[in-house]
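This report concerns only the one structure given below.
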Amino acid sequence: MDIVQMRGITKRFGPVVANDHIDFNLRKGEIHALLGENGAGKTTLMRILYGLYRADEGEILVEGWPVRINSPKDAIALGIGMVTQHFALVPPLTVAENVVLGFTDGFVLEKATIEQRVAEAAKRFGLEVDPSAVVRHLSVGQRQRVEILKALYREARVLILDEPTAVLVPQEIDALFETLERLRAGGLSVIFITHKLEEVMRISDRVTVLRDGRVVGTVETARTNERELARMMVGRETFGVRREERAVGEQPLLQVERVCAEDDQGLPALKEVSLVVHAGEILGIAGVGGNGQKELAEVLSGVRRPTSGRILVDGQDLTGATPDEFTAAGVGRIPEDRHAGVVGELSVAENLALEYLEEFARGGMLDREAIRRHAEELIQRFQIKARATDRARTLSGGNLQKLILARVLSRDPKVVLASQPTRGLDVGATEYVRQQLLAQRARGAAVLLISEDLDEILALSDRIAVMYEGEIVGVLPAQDADPERLGLMMSGAVKERQGAYAEV
Amino acid sequence: MLRFKIEKTGAPVWMRSLIPVFALLVTFLITSGLILWGQANPIQAYYYFLIAPLTSRVSALEVLVKSTPLILSGVAVTFAFVAGYYNIGAEGQLYAGAIAAAWLGTVLGGLPPALAIPIMLLGGFIAGALWALTPALLRVKLAVDEVVTTLLLNSVMLFIVSALLNGPWRSPVSGWPQSPEIAPSTVLPKLIPRSRLHLGFVVAVLSVVVLWFVLSRTVFGLKMRAAGLGREAARFAGVNVGRTMLIAALISGGIAGIVGVSEVAGIHFHLIEEISPGYGYTGILIATLGALNAWGVAAAALFFGLIDTGTQTLSHAMGVPIYLGEVTQATMLLVTLAMLLLQNYRIRRV
């Protein structure tokens, strides 16, 4: 019995066809994975089902009846709930208030009553949350549970989860999957959007693979394997990047000694962070987002001043130096938000020159010919699909990242500081970026890789440091690291080496 | 039931180039209602606005006279806005320059014009820049919002001018709040005999060229644009955003100061309280209408000068209030801004 059928769904954004005659059906009581690369059209399709977008063509049937879903309100009325990556919770309110928000009757809101009702619902669905807790104080995993509870409280029979594991540590993922299995046993149908093959194999009953806005196929999970799914998803065999084992240099190129820094609110964000990265080494910084990685990258870029501690680059003290002094000392920086790394309204050529303006100046005037030549050379060398005169904001995420890589790596920096370098990129661009980082390692640069993607950290790093609440809670050589061990450290449960000076 | 839907998509290129034309048409339609209300014929009124001033040599030159302070103010504001510094204080900086001109004009009488006039212009620039310095420092060092501080300092400056004119500079003969006449050698020479067009117009044209050159050809111009268009990215790339903003703010204030010099030494020959009918604020409209582009700013300023000239004839000839000119200018700005925004969307039936 199909609870949801989507037939011939087509959605265009200008000239881009995001969904091209997609057929999708969801059986009652199944967990159905929707697999595809970034930009394959997964989220668009689900946004149509949830009434956030309207399809240009096609129809939707719920329990065999054709329906019109013009807004999330319609979707909720039909028993469809959606949990997105960005939670729609009001942080200062309690769990119970968030759950009933917009779904109350009458005028008076009695705290005790709603808390009791929410507690009952939580118990019935097996979702462990305290209804009187204030959302602001909850962890990401707990907030996600509140979101799921919110959908179920609205009597959802279909639950759409958009990349639910992206924000979770491995232990929280386990808990989420247990919850989903229990809910499935209770008759709930789940659509699970992901691009992670391992999760598909672990949790789903069936998989629908999308590529370039089209359905590649729908298969029973039990009758397929990761290899086949990967081929369906990418359209070719993927090899991934492999780090070849090689001796790490002795020379410490980046030394961070007991650095402390505050966040934008003036709260301590880095607590006595100490790290060493050697020539020809990739040091991975693992951790759940928001544990000080952003501040660490900013301190090492010269954008944020440390309150104490020392930063040495190839022996040169750069504590409190400005961004251009870091650049001059040989630090190449790939920023976390690549849109913040370029000025979108300026051209590709201008952005490529921006960090080294003195080289393109003649007595205060711009040498426009040199800027153009420089840009064209880098565009070719780094395979950027753009013209020198294009505004940077018109570039795709992958090309924008190539622009930043070109700007940084063409200078053969001593230290490469890469923050979330592949976030939001498709498989091809991700591979390209990772290969470039490995090439830097082979060249003898010291690479500090900050990433929330554990697979990326494990695939590239020689050593792995874990950050939790602004501290380095441990450093492991790559061969000793596995997802479970790192996950425990990332959740703050284990400190491998208390206050360790991160040198092995 | 008909359903419509708004989609984000860029307008075709041919449509972009027609935006000024469409904007003028829509402005005409909107203001026509007001003109009819004033019991006048809209088409005739627009004839007076846009065509009549250009039909005689005298009034055509008057358009350039009226455009002079507008061009300079537009350039002044653009310098700041491009760097992401929202200088609303051009009006006060203008009066700072005017005070400097009124003072220098009385003490430089012994110098030949070739020496006196450059000193007047430089003095006005420095005075305007100094008046712009405090809010700029507050912005860069302490992150105090410059929109508020520059705006408030305009009132302070008006009180200073009033205090000067009613105190030490009050005319001993007539008792009017009016500074002593400046020396003849400090008066900006006329460009064309028997007109009011003076050297200030040349300075204004030069300022447009300088603005274009700095923005498109110099390292500092690129730093200004980077700081204004993407502050974080510029900082990340090693641009000293604070310093860039500070310098842009001072240049902006300085050029606004030159407006004051141009009006004192070119038109009035003494300082009065009413030297500017809000040129500093109109400069913001012009900079915005000109899309912070040197040639756009020049075109917008000339257009405003045309309407300013036309309004006077219009109100004489047809008896409609003189405010109609300002209403038209403001409507034009709003319509253009709306069009620039709306060109990114289209409405489609679903």
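Figures for the structure shown
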item	result
Top-ranked residue of the stretch B:144-154 - restricted to ones that are assigned to a helix (DSSP H, G or I) and free of Cβ contacts under 8 Å to residues at least 12 places away in the same chain, ranked as least open to solvent (accessible area, probe 1.4 Å)	B:Val148
Unique match (being within 28 Å of B:Glu62 (Cβ to Cβ) and of a type in the set (S, T, N, Q)) among B:Ser162, B:Ser171, B:Ser155	B:Ser171
Residue under evaluation A:Ser71, criteria (1) over 23 Å from the mean Cα position of the chain (by Cα); (2) surrounded by 21 or more Cβ atoms within 10 Å (Cβ to Cβ); (3) within 14 Å of another protein chain (Cβ to nearest Cβ), criterion not met	(2)
Residue within the stretch B:244-257 that is in a helix (DSSP H, G or I) and free of Cβ contacts under 8 Å to residues at least 24 places away in the same chain present	no
Matching entry among B:Ala248, B:Ala226 (being on the phi < 0 side of the Ramachandran plot and within 14 Å of another protein chain (Cβ to nearest Cβ))	B:Ala226
Filtered residue count, the stretch B:212-243, keeping only those that are farther than 21 Å from A:Arg391 by Cβ and touching a residue at least 40 places away in the same chain (Cβ under 8 Å)	2
Count - residues of the stretch A:36-68 that are on the phi < 0 side of the Ramachandran plot, among the small types (Gly, Ala, Ser) and open to solvent by 20 Å² or more (accessible area, probe 1.4 Å)	1
A:Lys402 vs. criteria assigned to a helix (DSSP H, G or I) and open to solvent by 20 Å² or more (accessible area, probe 1.4 Å)	yes
Residues satisfying the stated conditions in the stretch B:38-52, i.e. at pLDDT below 85 and open to solvent by 40 Å² or more (accessible area, probe 1.4 Å)	B:Gln39
Test: residue in the stretch B:297-304 that is closer than 27 Å to B:Ser17 by Cβ and part of a loop (DSSP other than H, G, I, E, B)	no
Hey, A:Arg407 crowded, with 18+ Cβ neighbours inside 10 Å, of a type in the set (D, E, K, R) and within 14 Å of another protein chain (Cβ to nearest Cβ) or not	yes
Pairs with Cβ under 6 Å, 6+ apart, first in the stretch B:121-143 and over 24 Å from B:Val187 (Cα atoms), second outside any helix (DSSP H, G or I)	B:Leu138/B:Val144
Residue pairs meeting the criteria (Cβ under 6 Å; at least 6 apart or on separate chains; first of a type in the set (Ser, Thr, Tyr), in the stretch B:327-346; second open to solvent by less than 20 Å² (accessible area, probe 1.4 Å) and modelled with pLDDT of 80 or more)	B:Thr328/B:Thr31; B:Thr328/B:Ile307; B:Thr331/B:Thr27; B:Thr331/B:Thr31; B:Thr336/B:Ala23
Single condition B:Met332 does not satisfy, out of (1) surrounded by 14 or more Cβ atoms within 10 Å (Cβ to Cβ); (2) out of contact with any helix residue (DSSP H, G or I) (no Cβ under 7 Å at 6 or more places or on another chain)	(2)
Among residues of the stretch B:279-291, those that are outside any helix (DSSP H, G or I) and surrounded by fewer than 21 Cβ atoms within 10 Å (Cβ to Cβ), counted	1
Some residue of the stretch B:298-308 being at pLDDT below 90 and crowded, with 17+ Cβ neighbours inside 10 Å	yes
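Conditions (1) over 28 Å from A:Lys294 (Cα atoms); (2) touching a helix residue (DSSP H, G or I) at 6+ places or on another chain (Cβ under 8 Å); (3) assigned by TED's automatic domain parsing to the domain that holds A:Leu449, marked per residue:
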residue: A:Leu354; (1), (2), (3): no, yes, no
residue: A:Arg362; (1), (2), (3): yes, no, no
residue: A:Leu366; (1), (2), (3): yes, yes, no
residue: A:His374; (1), (2), (3): yes, yes, no
residue: A:Arg387; (1), (2), (3): yes, yes, no
residue: A:Gly397; (1), (2), (3): no, yes, no
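Listed here are the residues, each with its yes/no results for (1) within 11 Å of another protein chain (Cβ to nearest Cβ); (2) surrounded by 24 or more Cβ atoms within 10 Å (Cβ to Cβ).
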site	(1), (2)
B:Gly221	yes, no
B:Glu232	yes, no
B:Gly253	no, yes
B:Ser262	no, yes
B:His268	no, no
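The values are calculated or read from the model by the stated rules, or taken from the named source; none is laboratory data. All figures in this text were calculated on a predicted structure; none of them were measured in a lab. All Cβ positions, even for glycine, are placed from backbone atoms using ideal geometry, and neighbour counts span all protein chains on display. Protein only, heavy atoms only, side chains kept; ligands, DNA and RNA dropped before computing areas. Shrake-Rupley method; radii C 1.70, N 1.55, O 1.52, S 1.80 Å.
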